[in-house]
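No value in this document is a laboratory result; all are computed from the given coordinates. None of the values given here were measured: they were computed from a predicted structure. Cβ placement follows ideal geometry from the backbone for every residue including glycine, while neighbour counts extend to all protein chains displayed.
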Amino acid sequence: MSILIKYVRIYGFRGLENIEVKLNQHTTVLTGMNNTGKTSFLKALQIVFGNTQFISQDDFFVSGNRNSDKIIVDILIVPKDNGVPKDGFDKDYEALFGEARIKYDKNNKQCVPLRTVVTFDPEKKSYKTRRIILSEWQPFQSKTGSLWHQNNDGQDKYFNFYDQLPFFYMDAKRDILENIKNKKSYLGKMISKTEYSEEVIKTIEKQIESLNKEVISNSDILSAIKETLKGLNTAMGTSEQGVEIIPFTKKVRDINKGMSIYYTDKKDSFSMEYHGMGTRSWSSLLTLKAFISVLSKNPDQKKNIPFFPIIAIEEPEAHIHPNAQKKLYKQIEEMPGQKIISTHSPYIAASADLKEIRNFYYDENIRCGEINTNELTDEDIRKIKWKVINTRGEIFFSKALIFFEGETEEQVLPIFAKDYFKKHPFELGVNFIGVGGGGNYLPFLRFAEGLNIPWFILSDGEEKIVEKINKDIKALKNSETDINKQDNIIILDKGYDFEKYLIENGYIGEIEKAVNQLHNNSDYIKNYIDKKNRTLKGRQKTEKKCKECKQYIYEDNMRDYEGEDGFKTALYDCITEEKTQIAPIIAEKIVESKKELPPEIKQLFERIERSFFNNKVK
């Protein structure tokens, strides 16, 4: 039997004005852009389970004319058994929490609703922390509009269960070398608690004494120094044998002072000082794992006293290459208790189960999104994992997502966006994502919608494609929706695909220049037409079947490149045959021409601008 910190609510802490996050049973992975509150969330847990000594006035929420005079963090602890909700805590946790702290929710299931409040005491010029047991866990926002933190219904209670629910926090600056020196680090605490029997201590110290003598006697230099230092006897007026030279510490209790860690490969052994920050950071995390393992084997565990660690880790990927990040994530998962990880790594995020991910997003306020996997089939989840996350991991860290079907858009749109916004899209947090054809939108939309990341669609106008988008939007919203009335969906005019759209919107000259540049031939289009005119054949299926193989027979149709429309057709054939090579050149030629961007493209950028930027980005 175990427990779960099911919900965490935070009010007035740093940039977190008012937020609720539902945690997963074993591991929760926090994703999102920089400055969206991931680290603040971890520090809020430290307020509840750790110390509050780090609190300063800067930790109180301030934004414009809104500010907070208190910090409130609520957590809801519920009973669980291998991830399965239970009606009540087992007897060990009942004894731990105490009858006065255990409440009942609306479904008559036991829970512990705990509130921590931090305020500033002007008289003592210090910060005061109160812990309260709420009488009940109220809705985040009631039907009357009141918010959870406006409810003060509870009573102060002294809490003494932190030894059984220890909190561990590791920030992104961890370093095993600093841990060795710091007695307060997890490694330092383990080393300081190392114990030996008196008999073992005597044996070891005798061996050390013998080793010191042997080292000095076999070194002419050390022997000479020792002999010379005997001169201090005269100066100090003592009859002692002089100052001793001790290559190795004399006392077992001082062994840790000279401790070092070596990693050995197949040939050589190197001290940790010679390893990079990746190895040192990883080693520091593994010492935390070892420390928790040691605590879990405490004699109290044999008495069935609960032990449930809460582990907060900031950016475990720091300095570590992608494959190692995946391995490290699995090692963190193996730790007991409940883990909350903040990350900027698409590899860490991709290693997590979909149900473990919580995405922090900032617009007017910071909010948290999650994908409700309970509403998805196994196939739905597989598509999101393999079509979206494993191929487009950067979308976890986006301000906005623009989806489209084809390769041409993927190469053209970022160039157009850079021209419009005067910045590269990645500087703005805008990602352009090709979904690999019409009908493939749904996994991407479920991902973006679930994680609260705003999205847009720029779609070809072909009837079949539009029908597929309608179908995907209906499945996403679980209702009929007129996509023509949605500001975040833009359909290209007159049923055009993207290549045809550019040709029909006045960019024939720019496209011709791009094609000629690609082939380094100013007459390429003319030669193409001469070569292909009335010889390029398209194949059309007839109703006739071959008598022998029973397959449909195809007829050849001639392609006409004469006249203005024929020239457009030739251009269209050229760019669709070579779209991956020609697309960025076309975009550059259009930008160089100083012409207005295509209408629907400009409309897309204007809507993004209105949604995320008050004024045009400079």
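Over all other residues within a Cβ to Cβ distance under 12 Å of residue 316, the charged ones net out to +1, with Lys and Arg as +1 and Asp and Glu as -1. Annotation: amide H of residue 489 within the under-5 Å range of 457, sequence separation 5 or more or interchain, hydrogens built in the peptide plane.
At a Förster radius of 30 Å, what calculated FRET efficiency corresponds to the Cβ-Cβ distance of residue 486 and residue 147, to the nearest 0.05? About 0.50, to the nearest 0.05. For segment 39-174, the equivalent ellipsoid derived from the alpha-carbon gyration tensor has semi-axes of 27, 20, 15 Å in decreasing order. Please determine, in degrees from 0 to 90 and to the nearest 10, the orientation of helix 563-577 with respect to the longest principal axis defined by the Cα atoms of the chain, where the helix direction is its Cα long axis. Taking the Cα atoms of the chain, the angle to 563-577 is about 30 degrees.
Sorting the Cα pairs of segment 302-342 by distance into bins of 10 Å, from 0 upward, gives 25, 46, 19, 9, 1 percent per bin. Using only the alpha-carbon atoms of segment 308-369 as identical scatterers, what base-10 log of I(q)/I(0) does the Debye formula give at q = 0.24 Å⁻¹? For segment 308-369 at q = 0.24 Å⁻¹, log10 I(q)/I(0) is -1.08. The value obtained for the chain, namely the Cα convex hull volume divided by the number of residues, is 320 Å³ per residue. Which pairs break 24 Å Cα to Cα here: 355/423; 327/387; 181/251? Beyond 24 Å: 355/423.
Multiplying the residue separation of residue 228 and residue 164 by 0.36 nm and subtracting their alpha-carbon distance yields 17.3 nm. Taking a point 7 Å out from the Cα of residue 464 in the direction of its Cβ, the residues of segment 403-431 whose backbone N falls within less than 18 Å of it are 405-407. Between 0 and 90 degrees, the angle of helix 277-296 with respect to the longest Cα principal axis of the chain falls at about 60 degrees.
One chain, two ends: residue 423 and residue 211. Fully extended at 0.36 nm per residue, the span grows by 69.7 nm beyond their Cα-Cα distance. Treating r as the C-beta distance of residue 199 and residue 305 and R0 as 41 Å, the FRET efficiency rounds to 0.85. Once Rg and the Kirkwood radius are both taken over the C-alpha atoms of segment 292-446, their ratio Rg/Rh works out to 1.07. Amide H contacts for residue 28 (H built 1.01 Å from N in the peptide plane; partners 5 or more residues away or on another chain; cut-off under 5 Å): 339, 340, 341. Axis angle, to the nearest 10 degrees, between helix 441-450 and the longest C-alpha principal axis of the chain: 40 degrees.
Once the Cβ-Cβ distance between residue 246 and residue 157 is put in as r, and R0 is 41 Å, what FRET efficiency do you end up with, to the nearest 0.05? Step by step, r from the Cβ atoms, then E = 0.15. Placing a pseudo-label 7 Å from each Cα along the Cα-to-Cβ vector at residue 494 and residue 91 gives an inter-label distance of 8.2 nm. Based on Cα contacts under 8 Å between residues 6+ apart, segment 302-414 shows a relative contact order of 21 percent.
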